[in-house]
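Chemist: Supplied in structure tokens, the structure appears directly below.
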Amino acid sequence: MSTEHKMLVFSAREYDREFLTKSAKKNGIELKFVEARLDEETARLAEGYKAICIFVNDLGNEAVIDKLASVGVKFIALRCAGFNNVDLKAAEKHKICVARVPAYSPYAVSEHTVGLMLALNRKIHRAHMRVRDGNFALNGLLGFDMHGKTVGVIGTGRIGALTAKALLLGFGCKIIAYDKFENDELKDLGVTYGSLEDVYAKSDIISLHCPLMPETYHLVSSETIPKMKKGVMIINTSRGALIDAAAAIEALKAGQIGAMGLDVYEEEADLFFEDLSNRVITDDVFARMLTMPNVIITGHQAYFTREALNNIADTTMGNVLSFFGGKGCENAVFCDRIRKSKRMIKK
Ligand code: NAD
């Protein structure tokens, strides 16, 4: 087998091995898995591989990219949609192609988003623990009808649009959305678009579905939270740094935020995807959120369905084959071979 059809997979867990191996076999690609997260120390493991595969919390800063280039890496296959963890300028400097999986199952993420809303509203996490303990009292479990409530959806791309539809058509919520690009199909269904200020002022629930970029960093902050309705529910299944968690804690303590559901956290790289149950959590911000009855946190699992993992594996292998086949790669976020392509996304 040609060395070009070999790929090193960082941050590999059991489920990654299962799904990626199945797809790699179909496509004649040889994989080696390492559990280590890509960082400045572990980049040297890529020696002998032209292609590597990484996930959301692998580190792709300039120093790491420099090291990868020095050991001969030419292709970085992100097995996720977001690419905020890779320095594309550094990749461009070394002519390393970076590709991603733009969509694998927006249904998975939007369904998890609605799941967090329902669980928080009806306190299902607390009710489950009570009933297991033989406590059938209802005090403290009071929720509200989702029907007729206003949900603010920030970012109406693939996931945001599905979330808006599920809430509009399934629950009878009113949807007020904010995006730079308005979605006509959603408007025809009855979604109204407004400014961010409108979304903050009118929403009972705010759900974040925009990418992490300099302009969306700490979108939910001590400046914006006071503009929201008192008791607002905030859901973030997008990227952790959209929320300033320290500011959210203060607002939760004051009752300005009534409930918060997170699948992502700004400092999640040191926590998520690991079994840390025998250790003390040293991140005091994260630990404080865990003490709150009106906060639910899941460990970046919104994408985690069978369908999504199959799609991620197949698209990733397709990306590897097309790059090494000399065709460039249609899912590239940076690729020197298609420098002028409209498909290339600049940060
Ligand atoms: P998408 O590219 O289809 O949609 C993103 C939308 O955000 C676009 O409509 C874009 O116009 C809009 N947008 C861009 N800048 C904006 C801004 N400043 N304010 C408001 N909207 C803005 O992406 P998607 O597939 O729907 O994914 C959305 C987010 O979900 C991404 O950040 C991705 O990283 C995250 N995600 C999380 C998981 C998970 O498991 N938790 C899985 C997949 C994706």
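Chemist: Take Phe181 and tell me if it is at pLDDT 95 or above, of a type in the set (Phe, Trp, Tyr), within 24 Å of the chain's Cα centre (by Cα) and open to solvent by 30 Å² or more (accessible area, probe 1.4 Å). Talk me through it step by step, then tell me what you get.
Modeler: Values: at pLDDT 95 or above: yes; of a type in the set (Phe, Trp, Tyr): yes; within 24 Å of the chain's Cα centre (by Cα): yes; open to solvent by 30 Å² or more (accessible area, probe 1.4 Å): yes.
Yes, satisfied.
Chemist: Residues of the stretch 315-328 being open to solvent by 20 Å² or more (accessible area, probe 1.4 Å) and over 19 Å from the mean Cα position of the chain (by Cα), which ones? Outline the logic, then answer.
Modeler: Quick first cut of the stretch 315-328, residues open to solvent by 20 Å² or more (accessible area, probe 1.4 Å) only: 315, 318, 321-322, 324-327.
The answer is Gly318, Leu321, Ser322, Phe324, Gly325, Gly326, Lys327.
Chemist: Sticking with this structure for a sec: Tell me, yes or no, whether the stretch 208-223 has at least one residue that is more than 22 Å from the chain's Cα centre (by Cα) and under 30 Å from Asp87 (Cβ atoms). Before the answer, list the steps.
Modeler: Going residue by residue through the stretch 208-223, those that are more than 22 Å from the chain's Cα centre (by Cα) are 222-223.
With the extra rule that they be under 30 Å from Asp87 (Cβ atoms), the set shrinks to 222-223.
Looking for residues that are more than 22 Å from the chain's Cα centre (by Cα) and under 30 Å from Asp87 (Cβ atoms), one finds at least one in the stretch 208-223, hence yes.
Chemist: OK, next. Out of Phe75, Phe55, Phe33, report the one residue that is open to solvent by less than 10 Å² (accessible area, probe 1.4 Å) and modelled with pLDDT of 95 or more.
Modeler: Values: Phe55 fails: open to solvent by less than 10 Å² (accessible area, probe 1.4 Å); Phe33 fails: open to solvent by less than 10 Å² (accessible area, probe 1.4 Å).
Result of the check over Phe75, Phe55, Phe33: Phe75.
Chemist: Return the residue satisfying two criteria in turn: it lies in the stretch 268-296 and is under 22 Å from Tyr15 (Cα atoms) and within 20 Å of the chain's Cα centre (by Cα), and of such residues it is surrounded by the fewest Cβ atoms within 10 Å (Cβ to Cβ).
Modeler: Asp275
Chemist: Something else now. Can you find even one residue in the stretch 181-193 that is over 19 Å from Thr298 (Cα atoms), assigned by TED's automatic domain parsing to the domain that holds Ala246, of a type in the set (Ser, Thr, Tyr) and free of Cβ contacts under 8 Å to residues at least 60 places away in the same chain?
Modeler: As a first pass, look at the stretch 181-193 and keep what is over 19 Å from Thr298 (Cα atoms): 181-193.
Filter once more, keeping what is assigned by TED's automatic domain parsing to the domain that holds Ala246: 181-193.
From the residues that got through so far, the ones that are of a type in the set (Ser, Thr, Tyr) too are 192-193.
Now restrict to residues that are free of Cβ contacts under 8 Å to residues at least 60 places away in the same chain: 192-193.
Checked against the condition, which is being over 19 Å from Thr298 (Cα atoms), assigned by TED's automatic domain parsing to the domain that holds Ala246, of a type in the set (Ser, Thr, Tyr) and free of Cβ contacts under 8 Å to residues at least 60 places away in the same chain, the stretch 181-193 yields at least one hit.
Chemist: Next question, about the same structure. When you scan the stretch 228-235, do you find a residue that is within 16 Å of the ligand (Cβ to nearest atom), in contact with a strand residue (DSSP E or B) (Cβ under 7 Å, 6 or more places away or on another chain), β-branched (Val, Ile, Thr) and not assigned by TED's automatic domain parsing to the domain that holds Val56, even just one?
Modeler: yes
Chemist: May I pose another question? Cβ-Cβ below 6 Å, separation at least six or inter-chain, first residue in the stretch 77-91 and among the β-branched types (Val, Ile, Thr), second buried (at least 21 other Cβ atoms within 10 Å of the Cβ): which pairs?
Modeler: Hits for this filter: Val86/Gly60; Val86/Val98.
Chemist: Oh, and also: Please specify each residue of the stretch 134-171 satisfying the condition of being open to solvent by 20 Å² or more (accessible area, probe 1.4 Å), more than 16 Å from the ligand (Cβ to nearest atom) and either aliphatic (A, V, I, L, M) or in a helix (DSSP H, G or I) (or both).
Modeler: Taking the stretch 134-171 first, the residues open to solvent by 20 Å² or more (accessible area, probe 1.4 Å) are 134-145, 147-150, 157-159, 162, 165-166, 168-171.
From the residues that got through so far, the ones that are more than 16 Å from the ligand (Cβ to nearest atom) too are 134-145, 147-150, 168-171.
Answer for the stretch 134-171, where residues must be open to solvent by 20 Å² or more (accessible area, probe 1.4 Å), more than 16 Å from the ligand (Cβ to nearest atom) and either aliphatic (A, V, I, L, M) or in a helix (DSSP H, G or I) (or both): Ala137, Leu138, Leu141, Leu142, Leu168, Leu169, Gly170, Phe171.
Chemist: How many residues does the stretch 303-314 contain that are away from the ligand (no atom under 13 Å from the Cβ) and open to solvent by less than 50 Å² (accessible area, probe 1.4 Å)?
Modeler: 1
The values are calculated or read from the model by the stated rules, or taken from the named source; none is laboratory data. Keep in mind it's a predicted model, so treat the numbers as computed, not measured. Heads up, the Cβs are rebuilt from the backbone with ideal geometry, glycines too, and the neighbour counts pull from every protein chain shown. Keep in mind that these areas ignore ligands, DNA and RNA; they rest on the heavy atoms of the full protein, side chains included. Shrake-Rupley method; radii C 1.70, N 1.55, O 1.52, S 1.80 Å.
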